[in-house]
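Worksheet for the structure shown next.
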């Protein structure tokens, strides 16, 4: 049988502090795709002259598979995505660092702050600054790919600065439920599972805060409800009762065209959130490719505006 191999040379986005050398590689066999992934122990060394452009230490990751006669033609035609090599490389990479971070906590009570996220492409992982991929088939070069990742930056505009200054002047720091929703928006792109978790946290916190701080001023019974009621669906029922409207319904009635469709879509995402959280609680995972984490985060932010009005708090 012929062998297809992809060699990933990965430059890390963060400096590496290695307290060991010449360790055995990490090897993972993915039975669902029949790909074998091995990750060599990192090669520590001084950072390049321009780490902001080139990245830090290097890790070599190798994906191999034995190809059947039918798959030979695909490989020779360079239909390489059909073999799920990119997905398995990304999957093995984040699983390794997740395991390292867990080992550091268990063995030395240390938690590292570098982000570990499940991505479907190596290049989209925040741990990766640069990656080259060399493909070979039966030892013969096929193609080389290279990818660079842009560095995140803190940006400022006159409008953003002015609004932030005004918010703080009025002593209105960003409320915790909005902070959770902002985290949900970030993780929706980088780590959808965490995005859903933070969207749920933001929505439940907003519902409880509304009952305790807004609705209770009209009826003290809502204060008790905010602390005693369990589950997002039940909290939502009490909020709808206090608000005098089904979730987003008054806003939907006033909207037209695409705005109306968007609000209806957001309400659907909010209705799906409790079920997604239950899957996470009871199964420990969700179907990431079928989950619209970005839509859920946007829906929560819209619902927060609906509850409290646009603007702080």
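Odds and ends about this structure:
- Sites residue 110 and residue 1, calculated FRET efficiency, Cβ-Cβ separation with R0 35 Å, nearest 0.05: 0.20
- When the chain is treated as a GNM with alpha-carbon contacts under 10 Å, the residue of 101, 62, 129 showing the greatest mean-square fluctuation is 101.
- Most mobile of 168, 127, 241 in a GNM of the chain (Cα contacts under 10 Å): 168
- Pair residue 155, residue 100: separation of 7 Å Cα→Cβ label points (nm): 3.1
- Computed lengthening from residue 17 to residue 134, 0.36 nm per intervening residue step minus Cα-Cα distance: 39.4 nm
- Measure of compaction for the stretch 2-148 (Cα Rg per 2.2 N^0.38 Å): 1.09
- Here residue 268 and residue 72 are evaluated by their C-beta separation; at R0 = 41 Å the FRET efficiency comes out at 0.35.
- Kirkwood Rh in Å, taken over the stretch 158-308 so that all alpha-carbon pairs contribute: 16.2
- Helical contribution to [θ] at 222 nm, DSSP H n ≥ 4, -39,500 (n - 2.57), averaged over the chain, rounded to 500: -15500 deg cm²/dmol
- Taking the fewest neighbouring Cβ atoms within 10 Å as the starting point, the ordered list for 180, 83 is 83, 180.
- Pairwise FRET efficiency - residue 223 versus residue 146, Cβ, R0 = 41 Å, nearest 0.05: 0.10
- The fewest-to-most ranking of 306, 203 by surrounding Cβ atoms within 10 Å reads 306, 203.
- GNM result for the chain, Cα springs below 10 Å: residue of 196, 122, 154 fluctuating most strongly: 154
- Site pair residue 279 and residue 162 shows an inter-label distance of 4.4 nm when each label is modelled 7 Å from Cα along Cα→Cβ.
- Relative counts (whole %) of C-alpha pair distances in the chain, using bins that are 20 Å wide: 25, 46, 26, 3
- Exposure proxy order (Cβ contacts within 10 Å, fewest to most) of 86, 190: 190, 86
No value in this document is a laboratory result; all are computed from the given coordinates. These figures come from a predicted structure and were not determined experimentally. All Cβ positions, even for glycine, are placed from backbone atoms using ideal geometry, and neighbour counts span all protein chains on display.
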